[in-house]
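Derivation of every value follows stated rules applied to the coordinates shown; laboratory data play no part. Bear in mind the structure is a predicted one, so any value in this text is a computation, not a measurement.
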Amino acid sequence: MARIPYVDQDECIGCGRCEEMCPDVLRLNDDGVAEVYEPHGATAELIQEAIDECPVNCISWEEE
């Protein structure tokens with residue numbers, strides 16, 4: 001089964017780091033928190049880098 005990124009929006013502080021690193025997958029929504037809008041928009045390696053750089057660890061993988 002494939003993995004897709006998931007954002008816990010209750011934990012997100014809206015720093016924008018993930019959007020900068022992986023703009024084809026993650027973006028800040030109208031509420032100023034991150035959301036996944038295209039889960040297959042980048043390689044797993046690039047998504048993992050965004051996950052690793054999140055200062056509050058609110059991005060993770062979940063099974064599709």
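Enter the angle in degrees (range 0 to 90, nearest 10) between the Cα long axis of helix 44-53 and the first principal axis of the Cα atoms of the chain, meaning the one along which they spread out most.
Approximately 30 degrees, to the nearest 10.
Evaluate the relative contact order of the chain (contact order divided by residue number), counting alpha-carbon pairs under 8 angstrom at least 6 apart; express in whole percent. If you can, show how the numbers build up before the last one.
Values: 104 pairs, mean separation 29.5, N = 64.
For the chain, the relative contact order is 46 percent.
Of the labelled options (i) 0.92; (ii) 0.99; (iii) 1.08, which one gives Rg/Rh (Cα atoms, Kirkwood Rh) as computed for this structure?
Read-out taken from this structure: (i).
Could you work out [θ]222 nm for the chain from helices alone, using -39500 (n - 2.57) per DSSP H run of at least four and dividing by all its residues? Round to the nearest 500 deg cm²/dmol. Write out the running numbers ahead of the final one.
Details: 2 runs with 15 residues, N = 64.
Only helices count here, giving -6000 deg cm²/dmol.
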